[in-house]
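Asker: Dropping a structure here in structure tokens format, bear with me for questions.
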Amino acid sequence: QVQLVESGGGRVQPGGSLRLSCEASGNTYNIAIMGWYRQAPNKTRELVGSVSYGGSFHVVDSVKDRFTISRDVGKNTVLLQMNNLKPEDTAVYYCKATQYQQDYWGQGTQVTVSS
């Protein structure tokens, strides 16, 4: 079992920045992929970005010029740096880890972008 705990969410004005952190604990051996998803009100959950154990990363086109994803394998942590935030980035952000084709989710952290 893998447990995931997200942190770093909050409320920020448009144009601001936040950094989300997700730490994995429990049986963290061979977590192949860690990533971030988000779910806005009345919308389906969508991928934001992911990074593999080897460091290959992917960020979706809609945010790739503003968001950066990184992973510290030694610390079992994945980070999401979000810059120039927009109101449409408002959502609950979830961390996901994939291990032996099993997905684990965090509880989510709220990001609100509003003036």
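The values are calculated or read from the model by the stated rules, or taken from the named source; none is laboratory data. Computed from a prediction, not measured in an experiment: that's the story for all the values here. Neighbour counts are summed over all protein chains in view; Cβ atoms, including those assigned to glycine, are modelled from backbone coordinates with ideal geometry. Side chains are part of the model used for accessible areas, which takes the heavy atoms of the whole protein and leaves out ligands, DNA and RNA. Shrake-Rupley method; radii C 1.70, N 1.55, O 1.52, S 1.80 Å.
Asker: Can you list residue pairs whose Cβ atoms sit under 6 Å apart, with the first residue in segment 13-25 being basic (K, R) and the second being open to solvent by 20 Å² or more (accessible area, probe 1.4 Å)? Count only pairs 6 or more apart in sequence or on different chains.
Answerer: Within 6 Å, the pairs are R19/G8; R19/Q81.
Asker: Taking segment 66-115, which residues are farther than 27 Å from S25 by Cβ, in a loop (DSSP other than H, G, I, E, B) and open to solvent by 50 Å² or more (accessible area, probe 1.4 Å)?
Answerer: The answer is N83, N84, K86, S115.
Asker: Within segment 1-24, work out how many residues are open to solvent by 50 Å² or more (accessible area, probe 1.4 Å) and part of a strand (DSSP E or B).
Answerer: Looking only at that region, the number is 6.
Asker: Check segment 52-65 and report whether any residue there is at pLDDT 95 or above, open to solvent by 30 Å² or more (accessible area, probe 1.4 Å), under 19 Å from Y104 (Cα atoms) and part of a strand (DSSP E or B).
Answerer: For segment 52-65, residues at pLDDT 95 or above, open to solvent by 30 Å² or more (accessible area, probe 1.4 Å), under 19 Å from Y104 (Cα atoms) and part of a strand (DSSP E or B): absent.
Asker: Take R45 and decide whether it is open to solvent by 60 Å² or more (accessible area, probe 1.4 Å) and under 11 Å from V78 (Cα atoms).
Answerer: Here the answer is no, as R45 does not meet what is asked.
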